[in-house]
């Protein structure tokens, strides 16, 4: 049987999200590099996998998926007994987890993603950083993290008492931001800081970071 294929590159936050999930689930996969500098993601055959021309894309047998969070949702529901469960069987617990999955997408990612772009990606390509964008989104992210700090006084993880997709989805942006001036926002909130230390120490995440460093 052919392995699962992830078309993407390790520096991409969305690709990292899928790789982390596959490693947590202990599933075999092949990372198929996409030459983004040559614009491979904006032309065929990649566009037949993701019509929006963004990495990653996922292939397994007759299944073709894009959007990293949709891919991780498929993996945890399709392989509940493999590796780390990362979802709940109890519908009420799953409803709470669903809230924090949405919070990551709707509240955390918009500000964090802009900061990753300004402070993580732009410097790689020698592009000028916008101090105004950084300042505006640091303020936005700080407000989100105030909510996280309160949540993490009530629960060890965002989605409950054990590690779930809600935590995993944060890892790529956190990786970049902890290597930037933004880390002060995390470190000044003790429960957020402890949560980050916990989730970034997971063996699956260490493997993703190693792939990034090799790239």
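Brief remarks follow.
- Nitroxide proxy distance, nm - points 7 Å out along Cα→Cβ at residue 82 and residue 121: 2.9
- Each of (1) 0.94; (2) 1.01; (3) 1.14 is a candidate for Cα Rg over 2.2 N^0.38 Å; the one calculated from this structure is (2).
- Highest mean packing comes first when the peptides 27-39, 133-145 are listed by Cβ atoms within 10 Å, giving 133-145, 27-39.
- With the simple model of a label 7 Å out from the Cα in the direction of the Cβ, residue 155 to residue 209 spans 2.5 nm.
- Seen from every direction in turn and averaged, the convex hull around the alpha carbons of the range 4-83 projects onto 4.8 nm².
- Residues residue 105 and residue 38, FRET efficiency given R0 of 25 Å [Cβ-Cβ distance, rounded to 0.05]: 0.25
- For the range 91-205, the spread of Cα coordinates along the three principal axes comes to 46, 29, 24 Å, biggest extent given first.
- Inter-part distance where the range 107-155 and the range 1-69 are each reduced to a Cα centre, Å: 25
- Calculated FRET value between residue 147 and residue 70, using beta carbons and R₀ = 22 Å, to 0.05: 0.30
Every number in this text was worked out from the coordinates using simple rules, so none of it is lab data. Predicted model only: the values in this text are computed from it and were never measured. Cβ coordinates were reconstructed from backbone atoms using ideal geometry, including for glycine residues, and neighbour counts include every protein chain displayed.
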